[in-house]
Amino acid sequence: MFSPTTILFALAFFVNSFVAASPPPSNEAQALKYYGYRQENRFNCSMGLQQRREWRTLSNPEKADYISAVKCLQAHPSRDPAIPEARTRFDEFQAHHIMIADKVHNLGQFLPWHRHYLRSYEKALRNECGYNGSFPYWDWTQDVGPNKTFADSPVYDPVHGFGGNGAIGTYTLPQANDTDNRIFPEAFRGCVVDGPFANLTLSVGPGKLVTTHCLTRGDNEDAARKYLNAAAEANVTRSANFEVFRVEIEGEPVTSDHRMHDGGHDAIGGEMSNFYSSPGEPLFYLHHANLDRIWWKWQSSAPSRVYEISGPSSKEDPSEQVTLDFILLMGSLGPSVTIRDVMDIHAEPNCYTYV
């Protein structure tokens, strides 16, 4: 006989109940009905682990291959976006984040959800755009310190990187309720006018707005120096348990000040500074890959940490604690899986490592 849980998952799999632009479910029971639970197609780790490498360690041809794959995703049409106006597959990833951001930030599922979100994005680059190289991360601690300027980082190179800062006077924010959209006008210096994304047009954002606009930036050197230094990384990796670690890496409003997650968003500025629409910035994925690397560094320092999880799973009911069975919702981006599935990056279905 099949168990009730097995029957529920089987029925949920065949329910096509995803409604574009409707609010995400508030708990796991609703999630089963809303998205359907889909088990990940499992990789065989015996074939080896895919490497994630720091951006500056890639050769120029390897950097060009990665940029080409991202631009490919920006040219592919969306499939079933959470916001109908999302035109491209790249926009579709941004739209899903806009719709679910309130359900995955400042909660116990923050790190696991973003780990799976990045993996889904990486798989889209590989499966939909033929990318075969290393997925990059950005170790920003190498770009802050004495006699260093954050804006001189290799990721901002106009030829072998993602282009530089926004140009003053090239972008005007739409009139909107900044409180609802969490838009900070001072972070929107202007459009990116050089590099491979100078002509990028986004169709959703900033915030929860739906507008057609350029990729914007507004570098914040102070945020970079304060939150993205080696001492900050050393501090978080000394965390005694996951509860301390997740709070220290994410930051406000649980802490009284920013931490590495928030600091990285602010340091890049523009679209990246926004709580909802930040994945419209291609550097979002390199920033979060580095946060994931730091989490894995902490996890792998002790066997007991690999499957350690804690924190509230709901802002509506803070007493509701996250568990390894919590479902990480990906909507149209790829399979939704449990937290348990993503905790060990060296195990199936993940099969990747940081070098």
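Across segment 99-130, what is the total count of residues that are assigned to a loop (DSSP other than H, G, I, E, B) and open to solvent by 10 Å² or more (accessible area, probe 1.4 Å)?
2
Restricting attention to helices (runs of 4 or more DSSP H) lying wholly within segment 1-97, give those where 2 or more residues are modelled with pLDDT under 50 and of a type in the set (Phe, Trp, Tyr).
Working: elements: 4-13, 28-34, 60-75.
In segment 1-97, the matching helices (runs of 4 or more DSSP H) lie at 4-13.
This table checks each residue for (1) closer than 17 Å to Pro335 by Cα; (2) acidic (Asp, Glu); (3) over 19 Å from the mean Cα position of the chain (by Cα).
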site	(1), (2), (3)
Ala95	yes, no, no
Asp102	no, yes, no
Gln109	yes, no, no
Ser120	yes, no, no
Ala124	yes, no, no
Pro146	no, no, yes
Ala151	no, no, yes
Pro174	no, no, yes
Asp178	no, yes, yes
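Say we look at segment 202-220 and pick out the residues that are part of a loop (DSSP other than H, G, I, E, B) and small (Gly, Ala, Ser); which of these is nearest to Phe162 (Cα to Cα)? Let's see the steps before the verdict.
First pass over segment 202-220, keeping only residues part of a loop (DSSP other than H, G, I, E, B): 203-204, 206-209, 211-212, 215, 218-220.
When the remaining residues are screened for being small (Gly, Ala, Ser), the result is 203, 207, 218.
Working: Ser203: 19, Gly207: 22, Gly218: 14 Å.
Only one residue fits best here, namely Gly218.
Of everything in segment 202-237 that's in contact with an Asp or Glu (Cβ under 6 Å, 6 or more places away or on another chain) and open to solvent by 40 Å² or more (accessible area, probe 1.4 Å), which residue is farthest from Trp138 (Cα to Cα)?
Only one residue tops the list, namely Val210.
Under the condition of being assigned to a loop (DSSP other than H, G, I, E, B), of a type in the set (Val, Ile, Thr) and in contact (Cβ under 8 Å) with a residue 12 or more places away in the chain, which residue from segment 153-201 is least open to solvent (accessible area, probe 1.4 Å)?
Taking segment 153-201 and keeping what is assigned to a loop (DSSP other than H, G, I, E, B), we get 153, 157-165, 169-177, 182-184, 188-189, 193-200.
Subset that is of a type in the set (Val, Ile, Thr): 159, 170, 172, 183, 193.
With in contact (Cβ under 8 Å) with a residue 12 or more places away in the chain added as a condition, the list becomes 159, 170, 183, 193.
On the way: Val159: 110, Thr170: 64, Ile183: 8, Val193: 90 Å².
Looking at the filtered set, the residue picked out is Ile183.
Out of Leu286, Leu329, which single residue is over 30 Å from Ala167 (Cα atoms) and either open to solvent by less than 30 Å² (accessible area, probe 1.4 Å) or modelled with pLDDT under 95 (or both)? Before the answer, list the steps.
Working: Leu286 fails: over 30 Å from Ala167 (Cα atoms).
Leu329 is the lone residue from the list that is over 30 Å from Ala167 (Cα atoms) and either open to solvent by less than 30 Å² (accessible area, probe 1.4 Å) or modelled with pLDDT under 95 (or both).
Quick check on my filter: what residues within segment 264-283 are surrounded by 24 or more Cβ atoms within 10 Å (Cβ to Cβ) and farther than 19 Å from Gly163 by Cβ?
Tyr276
This table checks each residue for (1) of a type in the set (Asp, Glu); (2) crowded, with 17+ Cβ neighbours inside 10 Å.
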{"residue": "Trp298", "(1), (2)": "no, yes"}
{"residue": "Ser304", "(1), (2)": "no, no"}
{"residue": "Ser313", "(1), (2)": "no, yes"}
{"residue": "Thr323", "(1), (2)": "no, no"}
{"residue": "Asp344", "(1), (2)": "yes, no"}
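The values are calculated or read from the model by the stated rules, or taken from the named source; none is laboratory data. All of these numbers come straight from a predicted model, not from anything done at the bench. Heads up, the Cβs are rebuilt from the backbone with ideal geometry, glycines too, and the neighbour counts pull from every protein chain shown. To get the accessible areas, we keep the full protein, side chains included, count just its heavy atoms, and leave off ligands, DNA and RNA. Shrake-Rupley method; radii C 1.70, N 1.55, O 1.52, S 1.80 Å.
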